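The values are calculated or read from the model by the stated rules, or taken from the named source; none is laboratory data. Just so it is clear, the structure is predicted and the values come from calculations on it, not from any experiment. When we count neighbours, we look across all protein chains shown, and the Cβ atoms used for this are built from the backbone with ideal geometry, even at glycine.
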Amino acid sequence: MSSGDIQSNGIAIQGLGLTFPNGWVGLKPSDLHIAGGSFCTLLGPSGSGKTTLLRTIAGLITPTSGRVFIGTRDVTRVSVQERNIGFVFQSYALFPTMSVAENIEYPLRVHKWSATDRTARVKEILDLIELPAFAGRAVGELSGGQQQRVAIGRAIAYRPSLLLLDEPMGALDRRLRQQLGADLRDIQQRTGITAVYVTHDQEEAFILSDRIAIMNHGEILQYATPDELYFHPTSRFVAEFLGEANLIDVVELRSCEKGALVAITSYGAVPLPAGMTVPGGSGERVLIVRPEDVELVTAPDRSDIPTPGIPVTIDNVRFLGSRSLVTVSTADGKRLRVECSKWRPPNADTTAYLTWQPSAVALADR
Ligand SMILES: Nc1ncnc2c1ncn2[C@@H]1O[C@H](COP(=O)(O)OP(=O)(O)OP(=O)(O)O)[C@@H](O)[C@H]1O
């Protein structure tokens, strides 16, 4: 496919910070390296700085500190037009009086492509976005999802080195979002363009992305693959933002005889995954265990309970069909959650013990 001839550039930001004129800190100085040809998502709650970071990469906002590189080129002081970037926003921003083909052709005219090259490229893009039969239609006659496909096609038509997308599916219903998301990922992979995508929808981010930057309060907290983020969050915020998490404060970390690490908690010693090393820094830590990794066991003799074997009382059991959600309380009143899909939970008000495999535990900053 000749659409794959886009020259993929990575993006590097170094110490990028932004304080707005009113004194509000939009971005705390951060570093990030997005590999060329990858799909990166900026994910975080409303107001966390996702759009601000995207706009700073685009050159629509000038940072107060740090640098932005596209490939090896320092573009910190380079204008938007010279950064060679395609944009897609939530509002389609298509020209309503122009046809689909004319919309796609427009940026090629601006970039002074020859008529022959324009015709060939428009055809190629119409095939790529799977709308060849709609070339002559006015964009106003298309569905929302089709219009966004045209917007994506128009954004990549002149072969920019980056594609930046700010909540492009925000106005679409769930079914259309899923369809367009799959189309977008397919287009990104077939062209090999580097894409940076803003959303606050975790599921969308997980489905689409090679790597995700989790943001909060203008800060990039962690940049990793979806499974690294889910199973090895490095902060309490990331753990709780990406689904349910049981958090247990660590009093102390100790090495046992075999060199493995053990976390001392107010519920006893909790073995940590083999090979885990003591993280740097001196901050307080928290253990993270996902509800689906926890098992509730009952046994007449406490010595039969596998570690960590935290005694709990079952508060309630909610049956949800394919799984049950169980809320339990420890002796000191801490509430924890257990999800069971393959075994029946004990009845409420019974005493049971919580256990899990050491590999299920992540260690994060408190
Ligand atoms: N020009 C500005 N001057 C002052 N503060 C601003 C300006 N633009 C944005 N902010 C603030 O910066 C913070 C981050 O805004 P931003 O739009 O980047 O968040 P976001 O994560 O994209 O949120 P959402 O998901 O709601 O779009 C917000 O608190 C916002 O009010």
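Filtered by the rule that a residue be under 15 Å from residue 309 (Cα atoms) and surrounded by 16 or more Cβ atoms within 10 Å (Cβ to Cβ), segment 338-354 gives 338, 352, 353, 354. Among the criteria (1) farther than 30 Å from residue 135 by Cα; (2) within 16 Å of the ligand (Cβ to nearest atom), the one residue 91 does not fulfil is (1).
Please tell me if residue 27 is at pLDDT 95 or above, buried (at least 17 other Cβ atoms within 10 Å of the Cβ), within 9 Å of the ligand (Cβ to nearest atom) and closer than 14 Å to residue 195 by Cα. Criteria not met by residue 27.
The set of residues in segment 161-199 being basic (Lys, Arg) and under 15 Å from residue 211 (Cβ atoms) consists of 185 alone. Would you pick out the residues in segment 228-271 that are closer than 21 Å to residue 309 by Cα, in contact (Cβ under 8 Å) with a residue 60 or more places away in the chain and touching a helix residue (DSSP H, G or I) at 6+ places or on another chain (Cβ under 6 Å)? Answer for segment 228-271, where residues must be closer than 21 Å to residue 309 by Cα, in contact (Cβ under 8 Å) with a residue 60 or more places away in the chain and touching a helix residue (DSSP H, G or I) at 6+ places or on another chain (Cβ under 6 Å): 244, 271. Figure legend. Inter-residue proximity from segment 43-61: first residues closer than 18 Å to residue 205 by Cβ, second residues basic (Lys, Arg) and near the ligand (Cβ under 8 Å from one of its atoms), beta-carbon distance below 6 Å, spacing 6+ or different chains. Indicated pairs: 44/50. Taken over segment 327-359, the criterion of being among the polar types (S, T, N, Q) and closer than 19 Å to residue 301 by Cα is satisfied by 330, 347, 350, 351, 355.
Rundown of residues vs (1) in contact with an Asp or Glu (Cβ under 7 Å, 6 or more places away or on another chain); (2) basic (Lys, Arg); (3) within 16 Å of the ligand (Cβ to nearest atom); (4) modelled with pLDDT of 90 or more, yes/no style:
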site	(1), (2), (3), (4)
134	no, no, no, yes
137	no, yes, no, yes
170	no, no, yes, no
201	no, no, yes, yes
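On the given criteria, is residue 183 over 16 Å from residue 54 (Cβ atoms) and touching a Lys or Arg at 6+ places or on another chain (Cβ under 7 Å)? So residue 183 passes the test. Of all residues in segment 38-87, those satisfying the criterion of being within 21 Å of residue 224 (Cα to Cα), more than 16 Å from the ligand (Cβ to nearest atom) and in contact with an Asp or Glu (Cβ under 6 Å, 6 or more places away or on another chain) are 38, 39. Scanning segment 61-77 for residues that are over 22 Å from residue 38 (Cβ atoms) and assigned to a loop (DSSP other than H, G, I, E, B) yields 61, 62, 63, 64, 77.
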